[in-house]
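Peer 1: Please find one structure pasted underneath; my questions will follow.
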Amino acid sequence: MIYLHNIGKYFLMLGQVFRRPQKKVIFRENFFKEIEELGLKSIGIVAFISFFVGGVVAIQTGLNVDNPWIPKYLIGFATKRSIILEFAPTFMSIILAGKVGSYITSSIGTMRVTEQIDALEVMGVNTLNHLVLPKVMATVLFYPFIIVLAMILGIFGGWFAGIVTDLYTLDNYIEGIRLDFKPYLIRYALTKTMVFAFLIATIPSYYGYYVKGGSIEVGKASTKAVVWTSIVIIVFNYFLTQMLLG
Amino acid sequence: MIEVSNIHKSFGDQHVLKGISTTFTKGETSLIIGSSGSGKTVFLKCLLGLFDPDQGDISYDGRHYSKMGNKEKRELRKEMGMVFQSGALFDSETIENNIMFPLKMFTDQSEEEILDRVNFVLNRVHLENVNKKFPAELSGGMQKRVAIARAIVMNPKYLFCDEPNSGLDPRTAIVIDNLIQEITDEYQIITIINTHDMNSVMEIGEKIIFLKDGLKAWEGSSRTIFKTDNEAVTDFVYSSDLFKKVREVYNKS
């Protein structure tokens with residue numbers, strides 16, 4: 001029953017979030033602040049993880065393709081498909097849910113317990129619209145770029161692993177990358193990314209906005225937000241894959 | 001004028017406000033006093049519109065809160081200023097940004113006009129050279145003064161203060177009390193202060209409402225509070241030896 005209550009309250013929250021901003025200049029300022037906070041500051045971790053995971057995927061595939069009848073270019077092909085279809089959009093989103101989700105819940109939650117949200121309410125500000133909408137817009141519009149970067153760096157990581165390990169030649173790897181390239185798969189990955197970005201911004205905002213108590217409760221809310229965002233991303237990933245590729 | 005008519009508020013099984021009626025008039029500083037758990041904060045939050053009363057009505061210069069839509073409620077709140085117990089300053093923003101926020105949000109004034117206004121209200125609360133500082137860099141008393149500056153920057157009709165003296169030394173507390181009193185007189189606004197500080201009661205209590213168990217147990221002023229026979233009030237006021245002595249001196253004089 002509590003789950004239904006939370007789902008209902010979450011959708012009511014969205015109703016308040018998606019209103020016209022009270023002042024466009026302030027919305028624009030907040031939007032660019034969030035682009036920096038939620039997007040630009042995530043690029044480092046995304047780049048680091050993508051590069052090394054790309055390398056690991058290529059090495060693992062290379063080590064498992066030891067049958068002489070299987071062409072070596074399949075290593076590049078498998079690495080590309082794994083990164084574009086799942087690693088970049090889904091697993092990067094789960095990593096971002098941890099990094100960005102905990103930041104969103106704790107920042108909004110702290111504002112709640114220190115009465116800063118009450119102060120905004122008293123001024124006549126639509127607090128959900130003011131605090132959450134810039135975050136939603138920033139993640140939904142900026143995360144596709146981050147995920148494209150993750151794709152590029154993941155594939156580059158696989159190429160680099162080939163140089164270091166000599167498991168496959170660069171020509172083979174590049175042939176595999178070029179093989180059977182379908183632009184639709186990029187669109188599929190970016191569609192998923194935008195849905196996940198929406199979840200990454202809204203679920204932690206919900207937990208932060210409605211937190212009650214003090215710093216311990218804010219910490220607990222951050223944990224809950226990360227767990228639930230990850231769960232919802234995984235469930236949505238299943239249904240989106242079925243719908244878009246099935 | 002704010003007219004409160006028979007307001008009730010419950011949270012689950014807990015009946016916090018049990019039918020409070022009173023009025024607050026222009027240019028007067030009103031104090032709501034009572035022990036912890038008496039319903040002071042809930043009453044103040046109902047006046048602010050942060051809680052909707054379950055029953056009863058509040059009228060702000062003839063505008064009935066219970067008949068307002070969300071948009072009208074937001075418009076009404078633009079006429080209110082609030083000083084929170086904790087200050088509730090935006091801790092990631094400078095003092096200047098904290099104070100200019102309502103102006104940027106709700107007016108079309110130029111950057112220059114906004115800065116002039118910010119400097120004016122900072123001077124009004126006797127603060128200088130703090131524009132670029134962050135709230136954490138200021139003392140508790142200075143943070144309270146910034147909160148007052150932010151509350152009055154939009155020229156509110158109604159000023160609400162929740163325990164404005166809590167955590168301050170007695171001298172700074174008196175400075176804050178006097179500042180609130182001066183602002184009330186100067187701008188002829190309705191000021192409502194939630195407190196349990198008896199020094200404030202003596203200093204600025206033009207009107208005092210005593211709450212007990214969610215009911216208005218007594219109403220009067222700083223002049224009449226020491227003369228009342230109301231047992232609940234005397235228990236509260238003379239709970240400290242200092243005020244017992246004050247009463248003795250007062251009665252003798």
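Peer 1: Tell me, yes or no, whether the stretch A:21-30 has at least one residue that is away from chain B (no Cβ under 14 Å), on the phi < 0 side of the Ramachandran plot and in a helix (DSSP H, G or I). Even if it seems obvious, please write down each step before you answer.
Peer 2: So the first thing to find is which residues in the stretch A:21-30 are away from chain B (no Cβ under 14 Å), and the list is none.
No, the stretch A:21-30 has no match at all.
Peer 1: Can I ask one more? So B:V130 ticks every box in (1) within 19 Å of B:G81 (Cα to Cα); (2) more than 14 Å from chain A (Cβ to nearest Cβ); (3) in contact (Cβ under 8 Å) with a residue 24 or more places away in the chain; (4) surrounded by 12 or more Cβ atoms within 10 Å (Cβ to Cβ) but one. Which box is left unticked?
Peer 2: In the conditions (1) within 19 Å of B:G81 (Cα to Cα); (2) more than 14 Å from chain A (Cβ to nearest Cβ); (3) in contact (Cβ under 8 Å) with a residue 24 or more places away in the chain; (4) surrounded by 12 or more Cβ atoms within 10 Å (Cβ to Cβ), B:V130 misses (1) alone.
Peer 1: Kindly indicate whether A:K192 is of a type outside the set (F, W, Y) and not in a helix (DSSP H, G or I).
Peer 2: Details: of a type outside the set (F, W, Y): yes; not in a helix (DSSP H, G or I): no.
It is false that A:K192 is of a type outside the set (F, W, Y) and not in a helix (DSSP H, G or I).
Peer 1: While we're here: Step by step: first the residues of the stretch B:54-103, then only those that are touching an Asp or Glu at 6+ places or on another chain (Cβ under 8 Å) and in a loop (DSSP other than H, G, I, E, B), then the one that is farthest from the other protein chains (Cβ to nearest Cβ). Which residue is that?
Peer 2: Result: B:Q85.
Peer 1: Could you tell me how many of the residues in the stretch B:25-53 are more than 12 Å from chain A (Cβ to nearest Cβ) and under 19 Å from B:F210 (Cα atoms)?
Peer 2: At the first step, the residues of the stretch B:25-53 found to be more than 12 Å from chain A (Cβ to nearest Cβ) are B:25-40, B:42-43, B:46, B:52-53.
Retained after the next criterion (residues that are under 19 Å from B:F210 (Cα atoms)): B:25, B:28-40, B:42-43, B:46.
Within the stretch B:25-53, residues that are more than 12 Å from chain A (Cβ to nearest Cβ) and under 19 Å from B:F210 (Cα atoms) number 17.
Peer 1: Looking at A:I174, A:I163, A:I186, A:I147, which one is away from chain B (no Cβ under 14 Å), aliphatic (A, V, I, L, M) and touching a Gly at 6+ places or on another chain (Cβ under 7 Å)? Outline the logic, then answer.
Peer 2: Details: A:I163 fails: touching a Gly at 6+ places or on another chain (Cβ under 7 Å); A:I186 fails: touching a Gly at 6+ places or on another chain (Cβ under 7 Å); A:I147 fails: touching a Gly at 6+ places or on another chain (Cβ under 7 Å).
Testing whether each residue is away from chain B (no Cβ under 14 Å), aliphatic (A, V, I, L, M) and touching a Gly at 6+ places or on another chain (Cβ under 7 Å) leaves just A:I174.
Peer 1: While we're looking at this one, here's another question. Would you please list the contacts, defined by Cβ atoms under 6 Å and residues six or more apart or on different chains, that run from a residue in the stretch B:88-99 that is closer than 14 Å to B:E128 by Cα and touching a residue at least 24 places away in the same chain (Cβ under 8 Å) to a residue that is crowded, with 16+ Cβ neighbours inside 10 Å and of a type in the set (K, R)?
Peer 2: Once the first residue is closer than 14 Å to B:E128 by Cα and touching a residue at least 24 places away in the same chain (Cβ under 8 Å) and sits in the stretch B:88-99, its partners that are crowded, with 16+ Cβ neighbours inside 10 Å and of a type in the set (K, R) give B:I99/B:R150.
Peer 1: Return yes when B:F243 is in a strand (DSSP E or B) and either touching a residue at least 24 places away in the same chain (Cβ under 8 Å) or within 12 Å of the chain's Cα centre (by Cα) (or both) and no when it is not. Give the derivation first.
Peer 2: On the way: in a strand (DSSP E or B): no; either touching a residue at least 24 places away in the same chain (Cβ under 8 Å) or within 12 Å of the chain's Cα centre (by Cα) (or both): yes.
For B:F243, the condition - in a strand (DSSP E or B) and either touching a residue at least 24 places away in the same chain (Cβ under 8 Å) or within 12 Å of the chain's Cα centre (by Cα) (or both) - is not met.
Peer 1: Out of the residues in the stretch B:104-120 that are touching a Leu at 6+ places or on another chain (Cβ under 9 Å) and β-branched (V, I, T), state the one that is nearest to the other protein chains (Cβ to nearest Cβ).
Peer 2: Taking the candidates together, the pick is B:I114.
Peer 1: Out of all the residues in the stretch A:73-91, is one or more within 14 Å of another protein chain (Cβ to nearest Cβ), over 17 Å from the mean Cα position of the chain (by Cα) and of a type in the set (K, R)?
Peer 2: Going residue by residue through the stretch A:73-91, those that are within 14 Å of another protein chain (Cβ to nearest Cβ) are none.
No, the stretch A:73-91 contains no residue that is within 14 Å of another protein chain (Cβ to nearest Cβ), over 17 Å from the mean Cα position of the chain (by Cα) and of a type in the set (K, R).
Peer 1: If you check A:Y143, A:Y73, A:Y103, which single one turns out to be over 30 Å from A:L12 (Cα atoms) and either surrounded by 20 or more Cβ atoms within 10 Å (Cβ to Cβ) or among the hydroxyl-bearing types (S, T, Y) (or both)? Show your work before the answer.
Peer 2: Working: A:Y143 fails: over 30 Å from A:L12 (Cα atoms); A:Y103 fails: over 30 Å from A:L12 (Cα atoms).
Of A:Y143, A:Y73, A:Y103, the one residue that is over 30 Å from A:L12 (Cα atoms) and either surrounded by 20 or more Cβ atoms within 10 Å (Cβ to Cβ) or among the hydroxyl-bearing types (S, T, Y) (or both) is A:Y73.
Peer 1: Just to be sure I understand, how many residues within the stretch B:152-192 are touching a Phe, Trp or Tyr at 6+ places or on another chain (Cβ under 8 Å) and hydrophobic (A, V, I, L, M, F, W, C)?
Peer 2: 5
So that you can scan it fast, the table gives a plain yes or no per residue for (1) within 22 Å of B:L47 (Cβ to Cβ); (2) in contact (Cβ under 8 Å) with a residue 12 or more places away in the chain:
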| residue | (1), (2) |
| --- | --- |
| B:V121 | no, yes |
| B:A136 | no, yes |
| B:A147 | yes, yes |
| B:R171 | no, no |
| B:I176 | yes, yes |
| B:H196 | yes, yes |
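Peer 1: Select from the stretch B:118-139 the residues that are over 22 Å from the mean Cα position of the chain (by Cα) and assigned to a helix (DSSP H, G or I) and list them in ascending order. Talk me through it step by step, then tell me what you get.
Peer 2: To start, the set of residues in the stretch B:118-139 that are over 22 Å from the mean Cα position of the chain (by Cα) comprises B:119, B:128-134, B:136-137.
Once the filter is applied, which keeps residues that are over 22 Å from the mean Cα position of the chain (by Cα) and assigned to a helix (DSSP H, G or I), the stretch B:118-139 yields B:N119, B:A136, B:E137.
Peer 1: Could you give every pair whose Cβ atoms fall below 9 Å, whose first residue belongs to the stretch A:113-132 and is facing chain B (nearest Cβ under 7 Å), and whose second residue is buried (at least 20 other Cβ atoms within 10 Å of the Cβ) and acidic (D, E), counting only separations of at least 6 or pairs across chains?
Peer 2: A:E115/B:D162
Peer 1: Of the conditions (1) under 24 Å from A:E121 (Cα atoms); (2) hydrophobic (A, V, I, L, M, F, W, C); (3) crowded, with 16+ Cβ neighbours inside 10 Å, B:A136 satisfies every one except a single condition; which number is it?
Peer 2: Condition (3) is where B:A136 drops out.
Peer 1: Can you tell which of A:G109, A:G98 is more than 14 Å from chain B (Cβ to nearest Cβ), modelled with pLDDT of 95 or more and on the phi < 0 side of the Ramachandran plot? Reasoning before the result, please.
Peer 2: Working: A:G109 fails: more than 14 Å from chain B (Cβ to nearest Cβ).
Residue meeting the stated conditions: A:G98.
Peer 1: Something else: Could you identify the single residue in B:I176, B:I192 that is surrounded by 18 or more Cβ atoms within 10 Å (Cβ to Cβ) and modelled with pLDDT of 90 or more? Spell out the reasoning first.
Peer 2: Numbers: B:I176 fails: modelled with pLDDT of 90 or more.
Result: B:I192 is the single residue among B:I176, B:I192 that is surrounded by 18 or more Cβ atoms within 10 Å (Cβ to Cβ) and modelled with pLDDT of 90 or more.
The values are calculated or read from the model by the stated rules, or taken from the named source; none is laboratory data. Since we're looking at a predicted model, the values are computed, not measured. Virtual Cβ from ideal backbone geometry, glycine too; neighbours counted across all protein chains shown.
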